[in-house]
Amino acid sequence: MKIAVIGAKGLPPKQGGIEHYCAEVYPRMVKQGHSVDLFARSSYTDCSWQDRYDYQGVQVISLPGLSLRGVDAFVTSALGAVAASATKYDIIHFHALGPSLFTCLPRLVNTAKVVVTCQGLDWQRAKWGSFSTRIIQMGEKAAVRFAHGLIVVSNALQTYFLQTYGRNTVYIPNGPARYGESDPNFGYGTQLGLQQKRYILFLGRLVPEKRPDLLVDAFSALNPLGWKLVLAGGVSDTKSFTSQLLEKVSNHPNIIFAGELRGQRLWEIVRGAGLFVLPSDVEGLPLAMLEAMQEEIPVIASDIPPHKQLMSGGRGMLFEAGNLTSCTHILDWAIHHPQELRAMAVNAKRQVQLNYSWDYITSETLKLYTTLLTSPEPVHIYGQSQTGLAEVVGKK
């Protein structure tokens, strides 16, 4: 198969779940004999427009954009859709709802099968203004109308599309990144003033919907003896929120802002944590949590549906999303019940190994591609059979 990928910033992955997803899945497809072109942002790849380079067999093609929040992704996705539509591909795969606004282009001029992966309802994220939010919502509707196959990464998203649009989707989860070797002597952690298994870790972008502020308030209220809190993550497009958060923790001796960590430093800090906490209000299926579970780190999290999916059956502890009292109570319980948390962590690691492997994810994605290519129309849109694009365009 010849596959085009639209919506990823580029490869190798620097930050972002979609880029890590592409880095795991598409090289595996190339090894199985398929061809993959990934249309990337020149602002991310630092390459000239239309430059091509190889990433583990994937051809990364840089496209121009504009250095404005949201506009860069919009322009690059549009150009990628045009370029892919003008080329003979078997599959054109869009990632995220914003880029999916352009799924109509290949449907109008190309015989390729269009696939969309929804990693989350991006219009819920605080970084987007009202205009960008409307564009992303339009992309969601376009994905529902024009995609031959719509992949979702959580059961909650599958329920959302069925209840909102009557649209059947294919559930294929995310998987955790593979960690390499890290310093067994915990050298970087020691530089930060940390002791192994005596700190709580928040890992993710410092944005309002991930609620690091809630965790900071809960930790400050408890101020547990001998414990520290580490905030590890990059700054996104919510600088005002980030500034207020960092000002809040600047004078707290037991809260450490480690910034964005990669490679061996990231692996060392995750493996040394005594507790991983994700208090988000909005998630798709969080890779950071999957990675912590894979590394057998005890996890507590807010009780939003994607977290419930990962942690049900005794694989971690949940607290009421957005509730400081609930978060504080569960955090206190977790610190004082290490043996119970350890048993949950072992159970969680087993669950990840069985159900969230990248080989399985790649296999299921290729299975969908093959089904779409070998099955003649009708395809299913809004849960109904239809025989051509005219009917899709005519449906609401």
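The values are calculated or read from the model by the stated rules, or taken from the named source; none is laboratory data. Note that the structure is a prediction, hence the values are computed from the model and not measured. Note that we place each Cβ from the backbone using ideal geometry, even for glycine, and neighbour counts take in every protein chain shown.
Cβ-Cβ contacts under 7 Å between residues 6 or more apart (or on different chains), taken from a first residue in segment 14-30 that is farther than 13 Å from Thr117 by Cα and at pLDDT 95 or above to a second residue that is surrounded by fewer than 20 Cβ atoms within 10 Å (Cβ to Cβ) and among the small types (Gly, Ala, Ser), are listed as Pro27/Gly57; Val30/Gly57.
Of the listed requirements (1) closer than 23 Å to Met311 by Cβ; (2) in a helix (DSSP H, G or I); (3) within 18 Å of the chain's Cα centre (by Cα), Gly139 misses just one: (1). For segment 210-226, a residue qualifies if it is of a type outside the set (S, T, N, Q) and surrounded by fewer than 19 Cβ atoms within 10 Å (Cβ to Cβ), and the qualifying residues are Asp213, Asp217, Ala221, Leu222, Pro224, Leu225, Gly226.
If you go through segment 88-110 and pick out every residue that is among the polar types (S, T, N, Q) and modelled with pLDDT under 95, you end up with 1.
Within segment 142-166, can you find the residues that are more than 20 Å from Ile91 (Cα to Cα), part of a loop (DSSP other than H, G, I, E, B) and either more than 21 Å from the chain's Cα centre (by Cα) or not hydroxyl-bearing (Ser, Thr, Tyr) (or both)? Lay out the reasoning, then the answer.
Filtering segment 142-166 down to residues more than 20 Å from Ile91 (Cα to Cα) leaves 154-166.
So of that shortlist, the ones also part of a loop (DSSP other than H, G, I, E, B) come out as 154, 166.
Result: Gly166, single match.
On the given criteria, is Ser182 in contact with a helix residue (DSSP H, G or I) (Cβ under 9 Å, 6 or more places away or on another chain), polar (S, T, N, Q) and either crowded, with 16+ Cβ neighbours inside 10 Å or farther than 19 Å from Gly322 by Cα (or both)? So Ser182 passes the test. For Asn251, the criteria (1) more than 23 Å from the chain's Cα centre (by Cα); (2) assigned to a loop (DSSP other than H, G, I, E, B); (3) at pLDDT 90 or above hold in every case but one, which is (3).
Which members of segment 271-304 meet the condition of being part of a helix (DSSP H, G or I) and either over 18 Å from the mean Cα position of the chain (by Cα) or without any contact (Cβ under 8 Å) to a residue 60 or more places away in the chain (or both)? Once the filter is applied, which keeps residues that are part of a helix (DSSP H, G or I) and either over 18 Å from the mean Cα position of the chain (by Cα) or without any contact (Cβ under 8 Å) to a residue 60 or more places away in the chain (or both), segment 271-304 yields Arg271, Gly272, Met289. Look at (1) part of a loop (DSSP other than H, G, I, E, B); (2) under 27 Å from Val235 (Cβ atoms); (3) of a type outside the set (Phe, Trp, Tyr) and you find that Leu38 fails only one, number (1). Filtered by the rule that a residue be touching a helix residue (DSSP H, G or I) at 6+ places or on another chain (Cβ under 6 Å), within 21 Å of Ala321 (Cα to Cα) and not in a strand (DSSP E or B), segment 217-237 gives Asp217, Ala218, Ala221, Leu222.
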